[in-house]
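**Student:** Take this structure, written in structure tokens, and hold onto it; I'll ask about it next.
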Amino acid sequence: MITNTKHRLAALIGAALLVGQCWPASVEAQVALRGGRILTMAGDPIDSGVILIRDGRIEAVGPDLRIPVEFKVIDVTGKVVMPGFIDVHSSGGMGQANERNPNVPFLSVLDTIDAKSPYFEECRRNGITTAGIAPGNSTMIGGQIAALKTDGTFVPEMTLQRLVGIKISLRPPAGSRMSHLALLRRELNRAKKFKADGLVAAAGGDEAAPAEAESRGEAEVPGDAQGGEGTEAAAQAPTAAQQQEGIKILSKLIGGELLAVIYCETAMDVGQALMLIEEFELRPLLVLGTQVDQAVDLLKVKNYPIVLDTNLVFWRSQPRTRVEEKISLPKVFNDAGVAYMFQADTNPSRATLGSNYLWYQAATAVKYGLPRDRALAALTIEPARALGIDPWVGSIEPGKDADIVVLTGDPLATTTWVEQTLIGGRVVYDRGQDEKLRRLLEQPDR
Amino acid sequence: MNRIRGPGQRPIVERGVMELGNEISLRPLAVALLIFAPAVLLAAEALSQDSVDQSRDDKPRLAIHVGKIITCVGEPIINGTILVSAGKIEAVGPTAEIAVPAGYQEIDHRDRFAMPGLIDPHCHVGGSSDLNEMVYQTNPELRNWDQIIPHNDRLKIGIAGGVTTVCFIPGSGTNMGGWGVLMKTGPGKPEDVIIRAPGVLKIAQAGNPERQGGEVGSGRMGMNHVIRQQLLEGQYYVRQWDLYEAGQLEHPPEVNLRLENFKPLFRRQIPILVHTQQYQVVHATIAILHDEMNLKIIIGHAEFNAFHLAPELVKRGIPVMAGPRGFYFDPEIGQLRGLVAEYDQRGVTALGVNTDSPVVPQEDLLFQAAMAVRYGWTEEKAIRGMTIEAAKALMIDDRVGSLEPGKDADIVIATGSIVDLRNYVVEVFIDGRSVYNIARDRRRY
């Protein structure tokens, strides 16, 4: 897998121009999926279609394609074929999801991703082929988000894009929302100032310190920024160098060069988020908590991409009367005409196991009125667009990565199984080989 | 091992006033001597108490006749003789082919096995037990040869278990605990027992070095960031010196004692012994320390499910010195897995065991190997793993790890293969001198 964006773009263009000729033939086998109902998510479904995959990418898709002699054919007659699902926001698959320090934009999830974590195995089992892995909701600026394919043993090889955005949480890990927001505004103002004049303002006030790293050629000798300060600097946290690095990354949020993934726990956080977005010209992806139904009118005005809480349907107790009211977030948002995406629970100990599965979340939304095609788009092309990775994933189109899920039937039905999951044209999950599923379902000997 | 600060430790090494400057790197032994004055006295005292045969001079000349010599290079020699002089192995071969020169003392071990002295790649008992400085997250200014105690009681029993060389390292309380030393376990002054200082750099990537409060490094994202930043600082420093020495800089860079020891590291002359113990952590070790920084590394611990990374380790030729946990209960299969065997089966040949002493007692290095064999390693590989493979990983195979002419005469004589726990060590030579002999010293283990 090519991890560098530029390379990927070059490869993509290359693939479009010289299909199959820019890689040695041995990179990946040629595979044809034949006979399935293909929901490409880029146009109408194709019945009994064919997908040709060469060197890990989709070469062609259509109803009556001739399969060249060198292609290995996988017969998926009667099955439903879709682009691999995309988990738009997840804190699974990491050794540790949160740093305790609330302000660490210079850290990346790539330094804590565990390729052998059960999260990735579950992803493959459930047809999720790409995940936006983000720091948790317990830090103010939690760090850098990466997009990863869900199969592999070595993280650099799984990485689709190293940096898709920065995670910001409006829920204070400690203290009040006042101080939390004051701190956050201060950091964003420093970033704004850096973007405007290349100077890193001191954390304490308005004085500007020269951006040493810039003038010294930081790209060449990043370690030197810490040089003169000796061990004392190492004991403080974060160090001046770390802060500087953080401000530089945050400055890419200003004006929307980089995606700002903002967690809003409550309805009041949504209002704050909207003000921050406007003030700092952020390009947001809003990740919402359960209580945000009360902010739906605010969200209606702007068309920002939204990810709903894992808990889609719940009871709310009126504090005075103790009257219980059932809240369905999908219904609230459907009625308001606000589009949204889903996230799955990564905590398997939750009582409602359904929320562990993206398809279940989508099915719940359909139950409460979301059109089916929009529910499916919210599992595939919409998250790809939200993360800016749609040039490579999210739909079955020529030139895109051959990340494909083969289902036994309706993607939103409980009786449907993922039959096979392909990433880069390679079968990374096969229900027939799933020993754990077999053990779960087999009849005990009598 | 983490944060061992034993109660009642004797304050053996007092850090004297040092002159700080260039000469430290140029004259390490002189400086070591200066620092170790108290330790030397102690060592000398140990020596006299230890009933080492005083009738032999410092460099005895010996002809040791042995039933079977496991040289760890090539096939074992049946009925062989090892000639030792000047602390080195002079010749090794079948007794019939070795002419014993005049003046060589002949030692009869004809019913016994000989093998190279064992090497423990992960030891914390080479000196005083204050292994962790917990103030800073990275401590490249610290060097633990400031605290060694040659031939201390734990090393002495280690010898009875065949251990002649240890990699004595700082603990894992911080992300970079400091520089460890490679030393012999036998008696002598520091400059006699030190093989190389700095021996290795100690880095710890998860678990023990987690920080509290507001510090960056409460999680693995932060810890890896901290490690990377410190290494980048060191890399830049060494690069400046390399440029100067290549004549590309007019003036020498300013000497920074905190970063001086990074020179041999970034010149790939010494490895990092990494405290790294499960899949994600070992992954980060490979990705950051090897792939990003292009450094020599040893996977220390290598426990839990990290063996799934064996193909990546094989691809890069990275050695694994596993332990002290020798096995792992794998919930995937509901069974115990023998860790060394898992690496072995996946093609890792640069493979050994450690004790993390005192986590496992120093003398039980052979027990660690025996348990690995119980779980599916082979006896031959186990013997190589404790000797030549450990020596190669630590980059001291020019000195120790096999019985070959020119190498240090570190020889273990045992009643048979020591991976069979029914056998025991009979005599041990370090640098050609008998430092343990059950007839003389009583059997200690």
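**Student:** Given a Förster distance of 41 Å, report the FRET efficiency between residue B:111 and residue B:133 from their Cβ-Cβ distance, rounded to the nearest 0.05. Intermediate results must be reported in sequence, preceding the final value.
**Tutor:** Details: r = 50 Å, r/R0 = 1.22.
Given R0 = 41 Å and the Cβ-Cβ separation, E is 0.25.
**Student:** Placing +1 on the Cβ of each Lys and Arg and -1 on the Cβ of each Asp and Glu in region B:118-399, which of B:349, B:255, B:237 has its Cα farthest towards the positive end of the resulting dipole?
**Tutor:** Among B:349, B:255, B:237, the one farthest towards the positive end of the dipole of region B:118-399 is B:349.
**Student:** From the phi of every residue in region A:372-379, what ³J(HN,Hα) in whole Hz does the Karplus formula 6.51 cos²θ - 1.76 cosθ + 1.60 yield, where θ is phi - 60° and glycine or proline is x?
**Tutor:** 4, 5, 6, 5, 5, 4, 6, 9
**Student:** Using label points projected 7 Å from each Cα along Cα→Cβ, tell me how many nm separate residue A:197 and residue B:291, to one decimal.
**Tutor:** About 4.1 nm, to one decimal.
**Student:** Now for a separate question. Using a 10 Å cut-off on Cβ atoms, rank the peptides A:261-268, A:93-100 from the highest mean neighbour count down.
**Tutor:** Numbers: A:261-268: 22.0, A:93-100: 24.9.
Top to bottom by mean Cβ count within 10 Å: A:93-100, A:261-268.
**Student:** Give the long-range amide H neighbours of residue B:409: residues separated by 5 or more places, or on another chain, with amide H under 5 Å away, using H modelled in the peptide plane at 1.01 Å from N.
**Tutor:** B:88, B:89, B:431, B:432
**Student:** Still on this structure, please answer the following. From the backbone phi of region A:59-70, what are the Karplus-calculated ³J(HN,Hα) couplings (6.51 cos²θ - 1.76 cosθ + 1.60, θ = phi - 60°) in whole Hz, Gly and Pro given as x?
**Tutor:** 8, 7, 9, x, x, 10, 8, 6, 8, x, 4, 7
**Student:** Restricting things to alpha carbons, tell me how big region A:86-387 is in terms of Rg and Dmax, in Å.
**Tutor:** 20.0, 64
**Student:** Ok, one more. Length gain on complete extension for the stretch residue B:96 to residue B:420, per 0.36 nm per residue less the alpha carbon to alpha carbon distance?
**Tutor:** Stretched fully, the residue B:96-residue B:420 segment lengthens by 113.8 nm.
**Student:** I'd like to know which of A:243, A:271, A:291 lies farthest towards the positive end of the charge dipole of region A:86-387, counting +1 on Cβ of Lys and Arg and -1 on Cβ of Asp and Glu.
**Tutor:** My answer, from the dipole projection, is A:291.
**Student:** Per 0.36 nm of contour for each residue apart, how much would the distance between residue A:47 and residue A:323 grow if the chain were fully extended, relative to their Cα-Cα spacing?
**Tutor:** Net length gain for the segment: 94.4 nm.
**Student:** Among DSSP beta bridges lying fully in region A:86-387, give the percent that are antiparallel, nearest 5.
**Tutor:** Details: 18 of 37 bridges.
That works out to approximately 50 percent antiparallel.
**Student:** Under a 5 Å amide H to amide H cut-off, with H placed in plane at 1.01 Å, what residues pair with residue B:143 once short-range neighbours are removed?
**Tutor:** B:179
**Student:** Over region B:147-223, what is the relative contact order in whole percent, taking alpha-carbon pairs under 8 Å and six or more residues apart? Each step should come with its number before you reach the end.
**Tutor:** Numbers: 138 pairs, mean separation 21.1, N = 77.
Relative contact order of region B:147-223: 27 percent.
**Student:** Please name whichever of A:368, A:409, A:113 sits farthest to the positive end of the charge dipole of the protein assembly as shown, dipole taken about the Cα centre and charges placed at Cβ: Lys and Arg +1, Asp and Glu -1.
**Tutor:** The Cα lying farthest towards the positive end belongs to A:368.
**Student:** Separate question: Quick one: putting +1 on the C-beta of Lys and Arg, -1 on the C-beta of Asp and Glu, what dipole do you get for region A:86-387 around its Cα centre, in Debye to the nearest 20?
**Tutor:** Dipole of region A:86-387, to the nearest 20 debye: 1140 debye.
**Student:** Here's a follow-up. Hey, got the dipole for region A:296-446? About the Cα centre, +1 on K and R Cβ, -1 on D and E Cβ, debye to the nearest 20? It would help to have the intermediate numbers written out before the result.
**Tutor:** On the way: 19 positive and 19 negative charges, 119 e Å.
Dipole of region A:296-446, to the nearest 20 debye: 580 debye.
**Student:** I'd like the accessible area for residue A:55: 1.4 Å probe, protein heavy atoms, all chains in place, Å² to the nearest 10.
**Tutor:** Residue A:55 has an accessible surface of roughly 10 Å² with all protein chains in place.
**Student:** Quick one: ranking B:348, A:61, B:314 by accessible area, 1.4 Å probe, largest first, what do you get?
**Tutor:** Values: B:348 5, A:61 35, B:314 70 Å².
Solvent-accessible surface, decreasing: B:314, A:61, B:348.
**Student:** Treat each spin label as a single point 7 Å out from the Cα along the C-beta direction, and report the residue A:186 to residue B:79 distance in nm.
**Tutor:** Result: 8.4 nm between the two label points.
**Student:** Modelling each spin label as a point 7 Å along the Cα-to-Cβ direction, I'd like the residue A:335/residue A:75 distance in nm, to one decimal.
**Tutor:** Distance between label points: 5.1 nm.
**Student:** Same structure again: With no solvent and one point per C-alpha, what does the Debye sum give as log10 I(q)/I(0) for the protein assembly as shown at q = 0.09, 0.10 Å⁻¹?
**Tutor:** One equal scatterer on each Cα of the protein assembly as shown leads to -0.99, -1.13.
**Student:** Turning to a different aspect of this structure: Stretch residue A:410-residue A:275 to full length: gain in nm at 0.36 nm per residue minus the Cα-Cα span? Mind showing how you got there, number by number?
**Tutor:** On the way: separation 135, 0.36 × 135 = 48.60 nm, distance 4.12 nm.
Full extension of this stretch gives 44.5 nm more.
**Student:** Using a 1.4 Å probe and counting only protein heavy atoms, arrange A:359, A:315 so the residue with the most accessible area comes first.
**Tutor:** Details: A:359 50, A:315 155 Å².
Order by accessible area, largest first: A:315, A:359.
**Student:** Suppose a student asked you for the relative contact order of chain B, using Cα pairs under 8 Å spaced at least 6 residues apart; what percent would you report?
**Tutor:** Details: 1053 pairs, mean separation 82.4, N = 445.
The value is 19 percent.
**Student:** Which lysines, if any, have their Cα less than 17 Å from the Cα of residue A:367, not counting same-chain residues under 8 positions apart?
**Tutor:** A:326, A:331
**Student:** Here's a follow-up. Where both residues lie in the protein assembly as shown, what percent of DSSP beta bridges are antiparallel, nearest 5? Walk me through the numbers before you get to the answer.
**Tutor:** Values: 83 of 138 bridges.
Close to 60 percent.
**Student:** Which whole number gives the average, over all residues in B:225-233, of C-beta atoms from other chains lying within 10 Å of the residue C-beta?
**Tutor:** 6
**Student:** Turning to a different aspect of this structure: Can you work out ³J(HN,Hα) from phi for every residue in region B:351-364, in order, using Karplus 6.51 cos²θ - 1.76 cosθ + 1.60 and θ = phi - 60°, giving whole Hz and x for Gly and Pro?
**Tutor:** 9, x, 10, 9, 10, 6, 3, x, 4, 10, x, 3, 6, 8
**Student:** Turning to a different aspect of this structure: Per residue of A:151-157, how many C-beta atoms from partner chains lie within 10 Å of its own C-beta, taken as a mean? Could the numbers behind the result be given before it?
**Tutor:** Details: counts 0, 0, 7, 8, 5, 5, 1.
Mean shielding by partner chains, rounded to a whole number: 4.
**Student:** Follow-up question, since we're still on this one. Shape call for region A:375-419 from the C-alpha gyration tensor, a ≥ b ≥ c root eigenvalues: rounded (a/c under 1.5), prolate (a/b greater than b/c) or oblate? Numbers along the way, then the final one.
**Tutor:** Details: a/c = 3.42, a/b = 1.69, b/c = 2.02.
Here region A:375-419 falls in the oblate category.
**Student:** Still on this model: Whose amide H sits under 5 Å from the amide H of residue A:200, counting only residues 5 or more places off or on another chain, with H placed in the peptide plane?
**Tutor:** A:209, A:211
**Student:** Who wins for biggest fluctuation among B:113, B:429, B:304 in a Gaussian network model of chain B, springs between alpha carbons below 10 Å?
**Tutor:** Per the Cα network of chain B with a 10 Å cutoff, B:304 tops the list.
The values are calculated or read from the model by the stated rules, or taken from the named source; none is laboratory data. None of the values given here were measured: they were computed from a predicted structure. When we count neighbours, we look across all protein chains shown, and the Cβ atoms used for this are built from the backbone with ideal geometry, even at glycine. With ligands, DNA and RNA removed, areas are computed over all heavy atoms of the protein, side chains included. Shrake-Rupley method; radii C 1.70, N 1.55, O 1.52, S 1.80 Å.
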